[in-house]
Amino acid sequence: MTYDTAASPHSAAQATLDDDPFTPPQDSSLWRRDFLLGAATASYQIEGAVHEDGRLASIWDTFSATPGKVLAGDTGAVACDHYHRWASDLDLLASLNFEAYRFSIAWPRVMDAAGRPNAKGIAFYRNLLERLKEKGIRTFATLYHWDLPQHLEDRGGWLNRDTAYRFADYADLMSRELHGLVDGWMTLNEPWCSAYLGYGNGHHAPGLANGRYATQAMHHLLLAHGLAIPVLRANDPGSAKGIVANVGRGTPDSSSAADVRAAHLFEVQHNAWILDPLLKGEYPQDLFELWPGTEPLVLEGDLRTIAAPLDFLGINYYFRTNVKSDGGHGFVEVPLEGVERTQMGWEVYPDGLRDLLIGFHREYPDLPPLYITENGMASNDRVIDGEVDDRQRIAFLKRHLAAVDAAIKAGVDVRGYFVWSLLDNFEWAFGYERRFGVVHVDYDTQRRTPKRSAERLARFIASRRERGAA
Ligand code: IFM
């Protein structure tokens with residue numbers, strides 16, 4: 001079988017499907033035209049232009065400017081300069097045939113400290129969305145991908161309940177300004193990272209380290225989400241509303257009851273901490289066995305607010321963690337020898353994605369449709385003779401897509417998959433050293449070079465189109 005996708009510069013005119021190691025089996029649900037294949041990014045990781053057009057400081061500007069917090073002292077001040085290059089970046093996205101784009105809005109770019117709109121910042125996102133619509137690309141906007149305005153952190157950040165209400169105001173503004181242009185709103189990206197890495201161990205902004213803070217910050221983040229959902233529904237009824245959780249697979253180091261319990265607690269801490277309040281309206285009590293004395297202050301009605309019905313749930317998956325009992329009520333990681341790892345040191349473990357999806361399907365009767373809103377890997381990619389041969393990523397993506405297909409075949413409703421990330425970008429505490437993009441970015445010249453993985457994905461999407469049209 002041959003296919004001709006001449007419309008795309010990254011098509012594989014005349015290539016045979018059998019030559020393409022990316023091609024899923026004929027019976028794969030990934031061939032379904034209603035299964036979206038997209039790419040994801042986030043504001044602070046790509047935009048740069050941190051002082052332009054009235055943008056205020058975010059906690060990540062402050063954190064990355066603090067010596068010792070980010071590898072090599074990198075900051076997001078310039079990043080991929082996407083604020084200026086957004087139009088050509090969208091051309092690139094379209095040339096790679098992606099059907100959907102997940103990006104995030106920088107809260108400090110669109111609202112001033114008094115809560116008034118910043119017209120220039122809002123225009124940036126409106127232009128972006130309008131261009132995506134012109135190109136026929138589905139739009140998924142995340143409201144909070146970690147760049148909290150610094151002035152809110154100065155008043156306690158996510159430890160202050162008031163921040164949840166300010167978030168609802170921000171969601172109100174954005175959904176009034178951008179209604180009709182967004183196919184899917186995502187309130188928060190990975191509240192686990194905001195709460196645990198930001199307030200629990202201090203590896204991320206704002207850099208506080210206290211277990212009690214982590215659970216309280218999580219509660220206010222989830223409350224912010226729950227307050228925002230009805231606002232988004234009222235202002236933009238035609239769009240879908242959801243939230244994005246990063247989930248972790250924990251496996252026991254042995255079959256002992258203690259190690260099996262340890263793996264369970266790992267997943268409680270990574271998954272149930274977020275998913276139980278969202279989907280069951282309660283916190284998992286096991287969490288407070290793991291972290292005694294950290295129960296957050298929960299006011300009457302909060303859990304009902306948090307459990308507002310969702311149109312979809314976004315799942316971000318990267319790796320598994322092998323654990324054993326710490327001899328008490330907790331777990332410790334036992335890194336496995338001889339397994340494949342990425343530049344982050346994370347184990348490549350696609351079965352974890354399949355098992356988690358099937359597990360959530362069984363555990364939560366009210367599980368909404370799912371999107372895989374992030375999946376991908378970092379590698380030390382280099383441009384050689386104009387090409388980036390990222391074959392580890394090609395195999396990674398192929399195997400994780402196969403895991404999604406297996407979950408769908410087991411009955412899980414998964415509607416799409418977004419590769420993390422479109423571009424190499426600012427990888428938080430690891431700065432620019434870790435390259436997650438399917439497009440290589442030369443940070444000296446801002447030249448973009450699609451990696452082989454991007455070409456393979458583009459070719460597959462094009463062949464789906466052709467098949468759908470046939
Ligand atoms: O780069 C991050 C992203 O911002 C959130 N999810 C995980 C990615 C890789 O670490």
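The values are calculated or read from the model by the stated rules, or taken from the named source; none is laboratory data. Note that the structure is a prediction, hence the values are computed from the model and not measured. Neighbour counts are summed over all protein chains in view; Cβ atoms, including those assigned to glycine, are modelled from backbone coordinates with ideal geometry. To get the accessible areas, we keep the full protein, side chains included, count just its heavy atoms, and leave off ligands, DNA and RNA. Shrake-Rupley method; radii C 1.70, N 1.55, O 1.52, S 1.80 Å.
Some observations on this one:
- Boolean, residue 335 is open to solvent by 70 Å² or more (accessible area, probe 1.4 Å), over 20 Å from residue 212 (Cα atoms), out of contact with any strand residue (DSSP E or B) (no Cβ under 6 Å at 6 or more places or on another chain) and free of Cβ contacts under 8 Å to residues at least 60 places away in the same chain: yes
- Output for region 365-376, where each listed residue is within 9 Å of the ligand (Cβ to nearest atom) and either in a loop (DSSP other than H, G, I, E, B) or at pLDDT below 95 (or both): 376
- For region 36-89, a tally of residues being within 14 Å of the ligand (Cβ to nearest atom) and open to solvent by 20 Å² or more (accessible area, probe 1.4 Å) returns 2.
- Residues in region 382-391 that are farther than 15 Å from residue 455 by Cα and assigned to a loop (DSSP other than H, G, I, E, B) were compared, and the one that is farthest from the ligand (Cβ to nearest atom) is 385.
- Residue 270 free of Cβ contacts under 8 Å to residues at least 40 places away in the same chain, under 19 Å from residue 324 (Cα atoms) and either touching a helix residue (DSSP H, G or I) at 6+ places or on another chain (Cβ under 9 Å) or surrounded by 21 or more Cβ atoms within 10 Å (Cβ to Cβ) (or both): no
- Evaluation of residue 209 against the conditions (1) assigned to a helix (DSSP H, G or I); (2) under 22 Å from residue 271 (Cα atoms); (3) free of Cβ contacts under 8 Å to residues at least 12 places away in the same chain shows that the sole unmet condition is (1).
- The condition (being in contact (Cβ under 8 Å) with a residue 60 or more places away in the chain and either within 16 Å of the ligand (Cβ to nearest atom) or open to solvent by less than 10 Å² (accessible area, probe 1.4 Å) (or both)) is satisfied by just one residue among 427, 455: 427.
- When we screen 215, 187, 163, 139 for residues that are β-branched (Val, Ile, Thr) and within 16 Å of the ligand (Cβ to nearest atom), the only hit is 187.
- Top-ranked residue of region 292-331 - restricted to ones that are open to solvent by 60 Å² or more (accessible area, probe 1.4 Å) and aliphatic (A, V, I, L, M), ranked as farthest from the ligand (Cβ to nearest atom): 299
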